[in-house]
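The values are calculated or read from the model by the stated rules, or taken from the named source; none is laboratory data. Everything numeric here is computed off the predicted structure, so don't read it as measured data. Here the Cβ is made from the backbone with ideal geometry for all residues, glycine too, and neighbour counts use every protein chain on show. When the accessible area is computed, the model is the full protein with side chains, heavy atoms only, and any ligands, DNA or RNA have been set aside. Shrake-Rupley method; radii C 1.70, N 1.55, O 1.52, S 1.80 Å.
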Amino acid sequence: MFRTTKCAYLTNRIYPIILSVFFILLSSLQISAQEYITFKAKKGDGIYSVLKQNGYPSAEYLNEFIELNKKKLGKENSLIVGRIYRLPLKKDKLAAVPDKQIPAEKVTKKKVYEIYGSKYREITIKSNELSGAIYYLMSGHGGPDPGAVGNLNGHILCEDEYAYDVTLRLALNLTERGASVYMIIRDPNDGIRDEQFLLPDKDEVCYPGNQIPLGQLPRLKQETSAVNNLHAKNKGKFQRMVVIHVDSRSNKENIDVFFYHDKGSSSGKKMAATLKQTFVQKYAIHQPNKVYNGTVSDRNLYVIKNSLVPSVFIELGNINHTRDQQRFIISDNRQAVANWLRDGLIADYKKSIK
Ligand SMILES: [Zn+2]
């Protein structure tokens, strides 16, 4: 949906001038030169799904879409495969412009985020590849609920701590590439940790700072509505949710990273498929002797079913299996997983905004 215009690649000096001229023109002419973004309908596309995929609140733009494309629609306002359709102009188009065009001089800017902890709190924005994208990252469990619990050499391994650390590393990775990231489950004092054994605690809160209830359903409701509230606030922008868990199975079962999406979400499904594809490529490069057996499937899970944001739910492995445990307890491996997820999400974003 969002396009980076060529302006973003102009030299630093000329850019601000062009930008201000651009804004003066926009404000004085009330966007006289309106440019519609078009797409070619594919099999299975409908007005609702296309609007949703492109970050439009469907209900609000439905009539406008029909009006704009009325000569090209099929029976009962269906989309005809292969035809080119126009997307309505977003009402917050003006507000979205500065987000999309980070001037080159700002790309190497440093930012400080306390949530990453003392060692990692200062980050450098390395690129604007994900500028305009918003991610809600939700690590499994937290607060009074540790999730799955395994053990290794007398150490207790809690799902919530390991899922949190990978999620936080992913948050940093995405922020460095220009995305806006919301950590939904948040620990005020853990930060990114490089130890093998992450000490369990119970002080995680749910965005923005709410105590997490013990019961499963109230907990799932709390975190889902945190995301849905933000979704309403960020209306019209590209938004995705990533949920990260660690599974608990018998200690004989060695499993790969699994990706789940909600049955009704085609954008969630696409994201899951792109992430899996990325993992297949990464395994081929980094672990050529190992066959990657991860899967993509739909699954009836509360948070992805009830989220208004296209979502993927990831299981990182079996907390009880010795080899899977290496994937979590070694911090370099947690980082590698977060890096692969970042690359997959960048690929997903690039495909989605085409
Ligand atoms: Zn879990």
Considering Gly143, Gly154, Gly132, Gly147, which residue is in contact (Cβ under 8 Å) with a residue 60 or more places away in the chain and either more than 16 Å from the ligand (Cβ to nearest atom) or buried (at least 23 other Cβ atoms within 10 Å of the Cβ) (or both)?
Gly132
Name the pairs: first residue in the stretch 314-334 and at positive phi, second residue part of a strand (DSSP E or B), Cβ to Cβ under 8 Å, at least 6 apart or on different chains?
Gly317/Val246; Gly317/Asp247
Output yes when any residue across the stretch 316-324 is more than 16 Å from the ligand (Cβ to nearest atom) and surrounded by fewer than 18 Cβ atoms within 10 Å (Cβ to Cβ), and no when none is.
yes
Determine if the stretch 165-188 includes at least one residue that is surrounded by fewer than 20 Cβ atoms within 10 Å (Cβ to Cβ), part of a loop (DSSP other than H, G, I, E, B), polar (S, T, N, Q) and away from the ligand (no atom under 16 Å from the Cβ).
no
Identify all residues within the stretch 211-255 that are of a type in the set (Val, Ile, Thr) and within 16 Å of the ligand (Cβ to nearest atom); write none if there are none.
Ile212, Thr224, Val242, Val243, Ile244, Val246, Ile255
Contact list please: Cβ distance under 6 Å, first residue in the stretch 46-66 and under 20 Å from Leu230 (Cα atoms), second residue open to solvent by 30 Å² or more (accessible area, probe 1.4 Å), pairs at least six apart or on different chains.
Gly55/Lys237; Pro57/Lys235; Ser58/Tyr48; Ser58/Lys52
Odd one out for Glu204, checked against (1) farther than 19 Å from Tyr135 by Cβ; (2) over 20 Å from the mean Cα position of the chain (by Cα); (3) within 16 Å of the ligand (Cβ to nearest atom)
(1)
